[in-house]
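Computed from the coordinates by the stated procedures, all read-outs in this text should not be read as laboratory data. Owing to the predicted nature of the structure, the values given are computational and were not obtained by experimental measurement. Cβ placement follows ideal geometry from the backbone for every residue including glycine, while neighbour counts extend to all protein chains displayed.
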Amino acid sequence: MILFLQQVLNGLIIGSTYAVVAVGFSMVFTVLRVINFAHPDIFMVGMFTGLAAALHVSDNIVVALIGGAIGAGLFGLVLERLVIRPLRGRDVLMTLIATLGVAIMAENGMAVLKGPDPLPFPALIGLTQFHLGGVQIGERQLLNFALSLAVLGFASWYVRSTRFGRATRAIAERPDVAAAFGVNVDVISQITVVLASMMAGVASVSVAVLYGNAWAFAGLLYGLKSFVVMLVAGNRYFEGVMAVALGLGVVEALVTGYLSSSLSDAVAFFLLIAVLFVRPSGLFGSYGS
Amino acid sequence: MSPLLEISDLHVRYNAVPAVNGVSIVIPAGEIRLILGANGAGKSTIIKAILGLQPAASGSIRFCGEHDLLRLRPHQIHQLGIAWVPEGRQLWGTLTVLENLRMGGFIERDAARLQRRIDELLQRFPRLGERRNQLAGSLSGGEQQMVAIARALVSSPKLLLMDEPSLGLAPFVVRDVFALTREINAMGISVLMVEQNARQALKLAHWAWLLETGRIVVSGPSAEIAATESVQEVFLGGRA
């Protein structure tokens with residue numbers, strides 16, 4: 001029972017980071033109709049700008065988080081302006097291939113700059129373990145979880161309760177009608193990409209602190225999972241994407257705990273694909289394209 | 001004084017296929033004007049060209065004599081005071097009724113003023129007030145049409161573009177929609193309506209055009225148009 005609870009908790013923590021990346025990925029897809037395969041590398045860039053901020057500005061967790069958010073946000077801004085916007089309105093495959101190209105360039109470019117192996121990330125916070133009954137949670141895990149939940153809470157508040165967030169959902173469902181009611185679709189699209197990028201930047205720094213390293217290929221794992229999570233949840237409700245991402249983390253952790261860590265991805269993807277067989281437009285429904 | 005909207009020699013093509021072929025129409029302030037035409041005649045294309053949603057091949061669309069709408073983007077055109085009741089309502093079904101109305105007033109940055117305007121409209125449409133927190137997609141067709149009209153009125157437009165507002169509605173709801181259109185016009189809002197339901201729309205409009213394969217073939221005061229033989233045959237089921 002303790003093992004079960006421990007693994008559920010571990011899974012929720014891992015899943016909360018998946019959720020942040022997946023929500024950003026699906027916000028961009030939903031609003032711009034772009035499968036942004038560079039999104040995981042925005043995450044990776046945030047990890048390295050956060051590292052740079054920690055090394056060269058101040059070895060303070062807040063500084064590193066801000067560095068990660070700003071770096072990722074800027075990379076997202078440039079990507080939107082130079083790659084995504086010129087290709088909008090074309091076939092969805094065009095932007096998919098273009099962003100995939102950017103992803104490969106970003107990963108390999110970073111590997112050339114900083115080396116192909118993980119770099120140590122400074123220990124910005126302690127290693128205290130907290131005990132709740134028999135279940136343990138580390139200080140860094142707690143920070144990672146709390147930050148992810150805060151970012152998810154922000155994303156949910158933004159799309160539900162703000163004027164621009166409402167416009168974001170309006171564009172997602174009917175872009176033409178939104179434009180005809182005074183929404184500048186380009187501006188909202190750009191804000192969406194930058195926000196999604198900054199969210200990924202925050203998550204990347206907290207993951208780097210958790211595992212103690214920054215890596216040029218750190219985005220790969222998150223990219224594929226975010227994409228599948230979005231397909232399984234459907235993109236109609238961002239909260240649905242969050243729920244599926246958390247569920248994915250829990251399944252992985254349980255498989256790791258009871259079977260083997262090398263099976264965790266296999267079992268998780270099997271379940272996700274099985275869901276798609278039963279519900280092709282996702283558990284919570286998708287917008288028609 | 002220049003007319004509210006003046007379309008001159010408008011040509012629109014889908015790829016190479018012409019949809020609108022040299023249409024020139026004028027809407028003076030204060031009137032309800034009607035474009036009649038069968039499916040595929042190009043009625044909705046004209047509306048979309050005015051809104052900036054469909055690029056034109058040539059011609060001009062002037063608003064209040066000065067702005068050439070063909071040079072503006074959809075959100076800029078809306079800011080001049082043009083609102084849209086789209087064909088088939090096209091509400092945001094995953095947004096609540098209230099959120100749809102707030103989106104109708106997206107350009108109003110003053111939240112208090114927007115809320116006052118929405119409250120006024122909800123008084124006029126008490127049924128929508130009852131359903132304000134329901135998802136717009138869950139309403140009946142008639143209620144959805146009321147939301148679509150209310151949504152277009154939130155921004156207090158000068159010109160309302162109504163694309164087939166009677167389509168798919170029960171006859172008693174159609175009567176309500178047309179009565180409401182008259183009421184909107186009495187508030188000083190000009191209306192350009194596109195319809196296939198000629199009999200009732202002609203009673204409402206001051207002026208009408210008959211559009212066939214992208215060209216205006218008949219033009220005149222509604223009463224005269226209703227008496228025209230071609231309109232009688234095509235839309236009114238022969239001589240009454």
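Distance between the C-alpha centres of segment B:36-72 and segment B:97-143: 28 Å, rounded to the whole angstrom. Volume per residue of the convex hull around the Cα atoms, evaluated for segment B:1-46, comes out as 71 Å³.
Using +1 at the Cβ of each Lys and Arg and -1 at the Cβ of each Asp and Glu in the protein assembly as shown, identify which of A:A268, A:I188, A:S226 lies farthest towards the dipole's positive end. It is A:I188. Per residue, the convex hull spanned by the Cα atoms of the protein assembly as shown amounts to 180 cubic angstrom.
Taking every alpha-carbon pair within segment B:88-147, the share separated by more than 20 Å comes to 19 percent. Once you reduce segment A:206-237 and segment A:125-158 to the center of their Cα atoms, the two points are 17 Å from each other.
Considering only A:S204, A:M242, A:T128, the residue lying farthest towards the positive end of the dipole of the protein assembly as shown is A:M242, judged by Cα position with unit charges set on Cβ. Couplings 3J(HN,Hα) for segment B:222-235, derived from phi with the Karplus relation 6.51 cos²θ - 1.76 cosθ + 1.60 (θ = phi - 60°), are 3, 4, 5, 4, 4, 8, 5, 5, 5, 5, 3, 5, 6, 10 Hz, where x marks Gly and Pro. If I build a Gaussian network model for chain A, linking alpha-carbon pairs within less than 10 angstrom, which residue out of A:V57, A:V21, A:V202 has the largest mean-square fluctuation? Among A:V57, A:V21, A:V202, the largest GNM mean-square fluctuation belongs to A:V57.
If R0 is 35 Å, what FRET efficiency do you get for A:A52 and A:L149 from their C-beta distance, rounded to 0.05? Spell out each step's value before the answer.
Values: r = 26 Å, r/R0 = 0.75.
Here the calculated transfer efficiency is 0.85.
Remark on chain A: hydrodynamic radius 19.2 angstrom, per the Kirkwood mean of 1/r across alpha carbon pairs.
Could you work out the relative contact order of chain B? I mean the mean sequence separation of Cα pairs under 8 Å and 6+ apart, divided by the number of residues, in percent. Walk me through the numbers before you get to the answer.
On the way: 455 pairs, mean separation 63.9, N = 240.
Once divided by the residue count of chain B, the mean separation gives 27 percent.
Using only Cα atoms, what Kirkwood radius does chain B have, in angstroms?
Numbers: mean 1/r = 0.0547 Å⁻¹.
Over chain B, the inverse of the mean reciprocal pair distance is 18.3 Å.
Please report how far the C-alpha centroid of segment B:168-240 lies from that of segment A:243-258, rounded to the nearest whole angstrom. Each part's Cα centre sits 61 Å from the other's.
Largest GNM mean-square fluctuation across B:A223, B:A208, B:A111, computed for chain B with C-alpha springs under 10 Å, falls on B:A111. Our Cα-only numbers for segment A:190-239 put the radius of gyration and Dmax at 12.6, 35 Å.
If you look at the Cα atoms of segment B:105-240, you get an Rg and a Dmax of 17.1, 54 Å.
Residues whose amide H falls under 5 Å from that of B:S140, counting only those 5 or more places apart or on a different chain, are absent, with hydrogens built in the peptide plane. Put in line by how crowded their Cβ is, counting other Cβ atoms within 10 Å and starting with the fewest, B:H11, A:H39 read B:H11, A:H39.
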